[in-house]
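No lab work stands behind these numbers, since they all come straight from the coordinates. Here the structure is a predicted model, which means the values were calculated and not measured. In this analysis, Cβ positions are derived from the backbone assuming ideal geometry, glycine residues included, and neighbour counts consider all displayed protein chains.
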Amino acid sequence: MPRPIKIKRIEALRLGLTRYYTGKTCKHGHRAERNTLSGNCSVCARKASRKWKRRNPEKVREISRKASVRQRAKWRRYRRLGLHLVARMAQRTEPKEV
Ligand SMILES: [Zn+2]
């Protein structure tokens, strides 16, 4: 994978980017993109997230249950409005927001 272009955090903030990359390593030695708002290294964040998920399986289940309830409600709403086919097509063509 090619390295992302280098950009200062302040510039990323100005441009409204969610991530930035300086080429410097984080305190754990990752040379990776960082979150613009928090300044956190994305590799560290992913690791912390995995660790949290391992330790909180019941919360993970609860969160995904709520998300699927929301999803079902959304599609029910679309179907009721007759928009489900349009919405499905949009879902296929639009790239997912990062
Ligand atoms: Zn890191």
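The fewest-to-most ranking of Arg34, Arg54, Arg77 by surrounding Cβ atoms within 10 Å reads Arg54, Arg77, Arg34. Remark: Tyr20, Tyr78 ranked as Tyr78, Tyr20, counting other beta-carbon atoms within 10 Å and listing the fewest first.
Between 0 and 90 degrees, the angle of helix 84-93 with respect to the longest Cα principal axis of the chain falls at about 20 degrees. Taking only the C-alpha atoms of the chain, Rg followed by Dmax gives 18.5, 52 Å.
To the nearest ten degrees, helix 57-81 and the longest principal axis of the Cα atoms of the chain are 50 degrees apart. For a straight C-alpha distance cut-off of 28 angstrom, the lysines reachable from Lys8 (same-chain residues fewer than eight places away being disregarded) are Lys24, Lys27, Lys47, Lys96. Residues Thr93, Thr18, Thr36, ranked from the fewest to the most other C-beta atoms within 10 Å, line up as Thr93, Thr18, Thr36. Within the listed set Val60, Val43, Val69, the Gaussian network model of the chain (springs between alpha-carbon atoms below 10 Å) gives the highest mean-square fluctuation for Val69.
Only lysines eight or more places from Lys53 in sequence, or on another chain, were considered; those with a Cα closer than 21 Å are Lys66.
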